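Bear in mind that the values in this text are calculations on the coordinates, not laboratory data. Since the model is a prediction, treat every value here as computed from it, not as a measurement. In this analysis, Cβ positions are derived from the backbone assuming ideal geometry, glycine residues included, and neighbour counts consider all displayed protein chains.
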C-alpha cells in the first residue's frame, strides 16, 4: 500500500492555496503528489562505497526537497540519493517552461507519470545522483502580442550543492 508523506502534501497544498478559484488545479496537484509517491518501490537507497554517487535510483521514500517559485535565486544543499521536486505555478497568459538541470549527471530528471497540469504550470522531480553542483532553471517567456496583457520574460533558478 502506498502512503503520501504529509510534508509532500502540505507543500503542494500551500503552493496552490492561492489558486482556490481554480478547482481543477487542486485535483491535478493532489493526483500528481499521489502518483509521485506511489510509482516506485519503497526500498531504502544507499550510496556507493565512496558515498559520492547514488547507485540505487529514485525512491519516493527518500528525503525530498520541495522547491517553488518563491525559492528563485536560492542556493540549497542536498545529499546524494535525495530527490528534489519543483512546482512552478503559472497562468494561461504567461506559463513556465519545463525545469532543466544544468548537469544531468548530478541532478537527473525522474520521468514520473502525472496528469496534465493546469495551463502555465510545471512539475518535475530530480534525483540527486552524485556530489557536485548544478542549477535547476526554468523560464516564463515574454508575452508581447496580447493587447491587454504584456509580461517580461521571467527566469527561475536555484543552485544545488550536493554533499555526501
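Of note:
- Taking N as its residue count, the alpha carbon Rg of segment 86-130 over 2.2 N^0.38 Å: 1.26
- Footprinting exposure proxy ranking of 139, 84, fewest other C-beta atoms within 10 angstrom first, gives 139, 84.
- Label sites at residue 98 and residue 52, each approximated as a point 7 angstrom past Cα along Cα to Cβ, lie 3.0 nm apart.
- Residue exposure sequence - 129, 70 - by fewest surrounding Cβ within 10 Å: 70, 129
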